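This report concerns only the one structure given below.
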Amino acid sequence: MQFRCGLCAIALALFLPFPGRAADEKPKSEPVNFLTVDQVELNGNFYPSTKDGKKSPTVLLLHTLRDGKSNEEGWNSLAEEFQKKGYAVLSFDFRGHNSSTTIKRPEEFWKFKNNQAGLKSFKPSMKDLPAQITHQDFRAGYETWLVNDIMAAKLFLEKKNDAGECNVSNLIVVGAGEGATLGALWIASETKRFAAHVNPLGPFKVETISERKDISCAIWLSISPTLGKPPGQRVPVTDWLLTGGGNKEGKVPMVFIYGAENDKDDRFAGNCVKHVRPGYKREGTQPTDNLPATGDRGVAKTDLSGSKLLTRAETVTWIFEYLEKRVLDKFARNNWEERRTKGSSFVWQFGTTRPIPAKQEGEDYIQPIPLDRFLR
């Protein structure tokens, strides 16, 4: 049998950390928007916690890219279920998808070489800079740049954190399809991002614990080995998963969910979990390591993929069983702390090489993630 938690109804009642509200009270969300480092306006919905925000784990939902959107089938209902149990949730549209098509400052956006090279609408000789972006305009390979949208979402959540509306120190990432693939890349990048402090007598003083510390777990629904229009470009997603969730560096608990009758998703989920956790078995004795919450789960009698798996009630039930029994008490125990993100400095650190500046004190945004370091 696949990786699973077997909680009965009584145990569930005991382990639920955030009891739901009265049955007649509807979950509520608020429309939100925030800017990326290259000045694209991302739109989405924030679901405030129904409990003490400072004690509430935060969930970040990442939709798939292939004609995907933040309110695709199964996504809203999952967000509402999280909210009922007291979590805070952010769901947003990646750039070029659904409602996230406005470039707020075209003069800044088109300065970035990735935007010039990655979008068909760019012409070096053009006088009027386009102020809209759509996924139909993406050239092959541009999709990896969207990982910076996830960084923008994290900074938005840090502002909500400082307002007392959530605890971003306990962040749960849920991604579907290509959104899961980008999520894996983002977690890998957070494993290399460190807070830094100005040292008047020498180089930056870099913290020893990376920003990965905020991520309590990742839940991947049919994670994709490719990005872009079918058949898509293969990307080193298993390497990203190993960096973010492996025993040596990351140790972010990860579970890979797939339709048990979808042979393609089944095989790739198995490859992913074994790459992160060598020796893992779907049955029998598991390896002795520090990754007891990492595994996979096949949803029986379906070949559904991505967020469509959420239309099966057993999928949602199992997600909460997984969180309540294997994650919350072990990996989501970070206390709330004020972020004051604008006043913070960060660097990316790759081995013993010189740190790469990511953000200086007073800046509003994290600089673009150095993708060349993750695409080798």
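The values are calculated or read from the model by the stated rules, or taken from the named source; none is laboratory data. Nothing here was measured: the structure is a model prediction, and the numbers come from that model. Note: ideal-geometry Cβ built from the backbone for every residue, glycine included; neighbour counts use all protein chains shown.
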remark   = By residue number, the members of the stretch 251-272 that are out of contact with any Cys (no Cβ under 8 Å at 6 or more places or on another chain) and buried (at least 24 other Cβ atoms within 10 Å of the Cβ) are ILE257, TYR258, GLY259, ASP265, ALA269, CYS272
Condition met for THR144 (of a type in the set (Ser, Thr, Tyr), modelled with pLDDT of 95 or more and surrounded by fewer than 16 Cβ atoms within 10 Å (Cβ to Cβ)) = no
request  = Report yes if VAL327 is modelled with pLDDT under 95, under 18 Å from the mean Cα position of the chain (by Cα), outside any loop (DSSP other than H, G, I, E, B) and under 22 Å from ALA188 (Cβ atoms), otherwise no.
outcome  = yes
request  = Identify the residue in the stretch 61-74 that is surrounded by 24 or more Cβ atoms within 10 Å (Cβ to Cβ) and touching a residue at least 60 places away in the same chain (Cβ under 8 Å) and, among all such residues, is farthest from CYS217 (Cα to Cα).
outcome  = LEU65
request  = Could you check how many residues of the stretch 66-102 are among the small types (Gly, Ala, Ser) and closer than 18 Å to LEU157 by Cα?
outcome  = 6
ask   = Among LEU185, LEU171, LEU129, which is the only one that is touching a residue at least 12 places away in the same chain (Cβ under 8 Å) and in a loop (DSSP other than H, G, I, E, B)?
value = LEU129
message = Go through the stretch 132-173 and report how many residues are among the small types (Gly, Ala, Ser) and more than 15 Å from the chain's Cα centre (by Cα).
response = 4
ask   = Does any residue of the stretch 324-344 turn out to be of a type outside the set (A, V, I, L, M, F, W, C), within 18 Å of SER222 (Cβ to Cβ), touching a strand residue (DSSP E or B) at 6+ places or on another chain (Cβ under 7 Å) and surrounded by fewer than 18 Cβ atoms within 10 Å (Cβ to Cβ)?
value = no
